[in-house]
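Q: Have a look at this one before I ask anything.
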Ligand SMILES: CCCCCCCCCC(=O)SCCNC(=O)CCNC(=O)[C@H](O)C(C)(C)COP(=O)(O)OP(=O)(O)OC[C@H]1O[C@@H](n2cnc3c(N)ncnc32)[C@H](O)[C@@H]1OP(=O)(O)O
């Protein structure tokens with residue numbers, strides 16, 4: 001049976017209306033264990049016997065979960081606002097601490113999974129953090145639903161792992177359908193690691 005139209009932000013688009021989830025009690029620990037698994041998957045140096053066992057246990061987990069795969073916007077991942085990264089493994093584990101028309105601030109850490117080289121974060125992870133912040137800024141500023149047209153990141157210093165990080169983004173200016181956003185990624189003491197600028201363009205009816 002098809003889903004009701006009220007689940008869509010725009011009846012002609014495929015973007016589901018965002019509804020925060022109340023996840024089952026064990027979901028948060030499940031996600032954190034999955035994050036630890038990701039950290040280990042990219043760092044362990046084990047014997048083939050260990051990898052065989054890991055392969056088989058991972059296959060059991062896939063078999064357990066596969067029957068419950070649901071459409072976008074239905075499961076708790078990405079919608080659990082009290083969990084790091086909203087409970088989405090794609091998102092680095094950041095918590096939004098401020099969400100209003102003035103700015104959106106989130107705090108979190110990058111971990112072993114996010115390693116690039118030389119003990120610091122992979123550069124590609126930072127645009128993900130900025131893009132998510134830009135999306136939140138547009139939402140918090142009550143701008144119409146928009147997508148990123150471009151995103152520019154200036155890497156000012158290498159970004160450490162396992163150190164609290166803060167991203168703060170705000171609307172710089174609005175020009176018709178265009179919302180220009182700026183953001184800064186810092187350490188807790190204010191050390192600037194990266195700053196970014198992005199253009200979010202309001203979607204027209206029918207744009208996916
Ligand atoms: C739960 C809901 C989640 C919704 C999303 C949340 C936000 C998450 C952020 C994302 O990650 S979105 C995913 C990454 N982005 C994309 O996949 C976007 C793909 N691109 C598009 O869909 C279209 O290119 C876009 C909607 C951004 C713009 O296409 P349009 O055909 O609607 O715009 P048009 O070309 O008419 O340009 C509109 C204005 O923007 C300007 N513009 C567009 N792209 C630009 C660009 N890249 N650089 C500079 N200016 C740009 C363009 O010049 C023009 O300026 P003017 O109005 O002043 O003439």
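The values are calculated or read from the model by the stated rules, or taken from the named source; none is laboratory data. Being a predicted model, the structure only gives us computed values, none of them experimental. Neighbour counts are summed over all protein chains in view; Cβ atoms, including those assigned to glycine, are modelled from backbone coordinates with ideal geometry.
Q: Inside the range 146-208, counting only strands (runs of 3 or more DSSP E) that do not spill past its ends, which hold 3 or more residues that are at pLDDT 95 or above, within 22 Å of residue 91 (Cβ to Cβ) and within 8 Å of the ligand (Cβ to nearest atom)?
A: Numbers: elements: 146-155, 165-175, 178-187, 192-202.
Because the criterion is at least 3 residues that are at pLDDT 95 or above, within 22 Å of residue 91 (Cβ to Cβ) and within 8 Å of the ligand (Cβ to nearest atom), the strands (runs of 3 or more DSSP E) in the range 146-208 that meet it are 146-155.
Q: Moving to a separate point now. Can you tell me how many residues within the range 60-100 are modelled with pLDDT of 95 or more, over 17 Å from residue 24 (Cβ atoms) and outside any helix (DSSP H, G or I)?
A: The total comes to 11.
Q: Ok, one more. Find the residue count for the range 121-131, including only residues that are in a helix (DSSP H, G or I) and either out of contact with any strand residue (DSSP E or B) (no Cβ under 8 Å at 6 or more places or on another chain) or more than 13 Å from the ligand (Cβ to nearest atom) (or both). Full working, then the answer.
A: Narrowing the range 121-131 to residues in a helix (DSSP H, G or I): 125-131.
After this cut, where a residue has to be either out of contact with any strand residue (DSSP E or B) (no Cβ under 8 Å at 6 or more places or on another chain) or more than 13 Å from the ligand (Cβ to nearest atom) (or both) as well, the list is 125-126, 128.
Summing the residues that are in a helix (DSSP H, G or I) and either out of contact with any strand residue (DSSP E or B) (no Cβ under 8 Å at 6 or more places or on another chain) or more than 13 Å from the ligand (Cβ to nearest atom) (or both) in the range 121-131 gives 3.
Q: Among the residues of the range 15-32, which ones are surrounded by 11 or more Cβ atoms within 10 Å (Cβ to Cβ) and under 30 Å from residue 119 (Cβ atoms)?
A: 28, 30, 31, 32, listed by residue number.
Q: May I ask you to list the residues in the range 94-115 that are surrounded by 20 or more Cβ atoms within 10 Å (Cβ to Cβ) and farther than 17 Å from residue 135 by Cβ?
A: Passing the criteria: 110, 113, 114.
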